[in-house]
Amino acid sequence: MNRWIGPFATAAVAGLAAHVYTVQAAPAFIMGRAMDAMEQRGVPLHAFSLAPRTTPQTQTVVRPSPDLAYSVCRYDFDQLDGPLTVRMAAWDNYSSVSFFDGETNNFLTVRGDGKAREVVLHGPAPVSSRAHRSPTTKGLILIRRLAPTQADYDRVTGVSASDLCTADPSPAPPPALEPQP
Amino acid sequence: MSETGRKSRRGLAYGLALVIGAVAGGGSALALSGLFPGFGAMSDGTVNLDGWKADFSTGSEAADAYTRARIARHGLLALARTEAVYFTRNTDDQGERLREGCRYRLSGGKMPAQWWSVTLYDAESRLPMNTDGALSLDASRAGEEAWSATIAPQAPDEGLWLSSQGGGQFDLTLRLYVTEARLIKDPVATLTPPRVERQDCAGGAA
């Protein structure tokens, strides 16, 4: 009987290790695959891309909502020297911009409430305590806009052109010139 | 048996134990996390309201490892509860598995949220592959008061419709965006979730 104790103990330890590793590693693995798939579909790094209107034929992630228009930006702070500036253009219905780290955690969400929103996102390295930091170097930023109809989605295509996800934000447009006296 | 033979068998036993342990451990992790295709899906949760199940830790670091793995597989990029809450069910009001071959009446009323929707997904957590354009019902179409819709593979003669064509054994996800704060604290008292009544099934069984 004693000769089986060693193999049983080995199986138990291997089982426990494999179990813990699989559960812990699954989110990062799945997120990594999702980001790789987006890259292959042409979703650029550090720029928003409006996904086609959600249908069974266009779905690319699990459980998409056909009522929402999604714009996605991939980020990688290993390829940035500074923070990332994210702007969500105003939308007259529900909208939000949400940030997901490389392990699927939704670490920040900002609601539009009919207004344009801007977030400056820093990498994982320590910065001031009030700054928004990504827990991981890579992640995804997702803008959701309520657009249940084709007409709504068509309007989103125009509005989303003003969304921004960049390390080099354009300066604010100059103020309008006052008429000369 | 020679000493070399005993060592060889012993080595084989340990090697086999290692493989069996790793397969069992990894497999049990996949099963408990709902990572096997069509297994577990999103219908497990810590909150259960008349068959609608939710896990309010969705999207947050507070979620346990199994929940995070399950969400990553079946609800990737889901929002944290401060923004949205997701309820899912895969059974009707009688506890029977929802399936394409049956017709259901989905009904409800005002929800404690700024916006809500009910969407139909197949067992792989994907929108069923049909071209009906009727896979979701949202507040803008249902209105603010009492509403009802038919879930069936074919469109009803009148009224709202959720198409189950191609859905096989499907489930429903109720999204509640920008919820009233008391929903998280006391979901039972705050939310009356939609009812899912089975009307009839192909072959006559209801």
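Output the residues belonging to segment B:110-120 that are away from chain A (no Cβ under 14 Å) and open to solvent by 20 Å² or more (accessible area, probe 1.4 Å). Once the filter is applied, which keeps residues that are away from chain A (no Cβ under 14 Å) and open to solvent by 20 Å² or more (accessible area, probe 1.4 Å), segment B:110-120 yields only B:Lys110. When you check B:Asp157 against the structure, is it open to solvent by 50 Å² or more (accessible area, probe 1.4 Å), away from chain A (no Cβ under 14 Å), free of Cβ contacts under 8 Å to residues at least 12 places away in the same chain and not β-branched (Val, Ile, Thr), yes or no? In short, yes.
Can you tell me which residues in segment A:25-43 are in contact (Cβ under 8 Å) with a residue 12 or more places away in the chain, open to solvent by 50 Å² or more (accessible area, probe 1.4 Å) and part of a loop (DSSP other than H, G, I, E, B)? A:Arg41 - this is the single residue of segment A:25-43 that is in contact (Cβ under 8 Å) with a residue 12 or more places away in the chain, open to solvent by 50 Å² or more (accessible area, probe 1.4 Å) and part of a loop (DSSP other than H, G, I, E, B). When you check A:Gln59 against the structure, is it within 7 Å of chain B (Cβ to nearest Cβ), more than 15 Å from A:Asp76 (Cβ to Cβ) and either touching a Cys at 6+ places or on another chain (Cβ under 9 Å) or modelled with pLDDT of 85 or more (or both), yes or no? Against the criterion (within 7 Å of chain B (Cβ to nearest Cβ), more than 15 Å from A:Asp76 (Cβ to Cβ) and either touching a Cys at 6+ places or on another chain (Cβ under 9 Å) or modelled with pLDDT of 85 or more (or both)), A:Gln59 qualifies. Being hydroxyl-bearing (Ser, Thr, Tyr) and either more than 25 Å from B:Val178 (Cβ to Cβ) or away from chain B (no Cβ under 14 Å) (or both) is a property that does not hold for A:Thr109. One residue is enough: does segment B:83-96 have a residue meeting the conditions open to solvent by 40 Å² or more (accessible area, probe 1.4 Å) and over 22 Å from B:Pro187 (Cα atoms)? Scanning segment B:83-96, I find at least one residue that is open to solvent by 40 Å² or more (accessible area, probe 1.4 Å) and over 22 Å from B:Pro187 (Cα atoms), so the answer is yes. Inspect all residues belonging to segment A:5-15 and state whether any of them is over 19 Å from the mean Cα position of the chain (by Cα) and of a type in the set (Phe, Trp, Tyr). Yes: segment A:5-15 contains one or more residues that are over 19 Å from the mean Cα position of the chain (by Cα) and of a type in the set (Phe, Trp, Tyr). Residues considered: B:Thr88, B:Thr67. Of these, the only one that is modelled with pLDDT under 80 and assigned by TED's automatic domain parsing to the domain that holds B:Thr150 is B:Thr67.
The values are calculated or read from the model by the stated rules, or taken from the named source; none is laboratory data. Keep in mind that this is a model prediction, so the values were computed, not measured. Counting neighbours? That spans all protein chains shown, and the Cβs are built from the backbone with ideal geometry, glycine included. Calculation scope for accessible area: heavy atoms of the full protein, side chains included, ligands and nucleic acids excluded. Shrake-Rupley method; radii C 1.70, N 1.55, O 1.52, S 1.80 Å.
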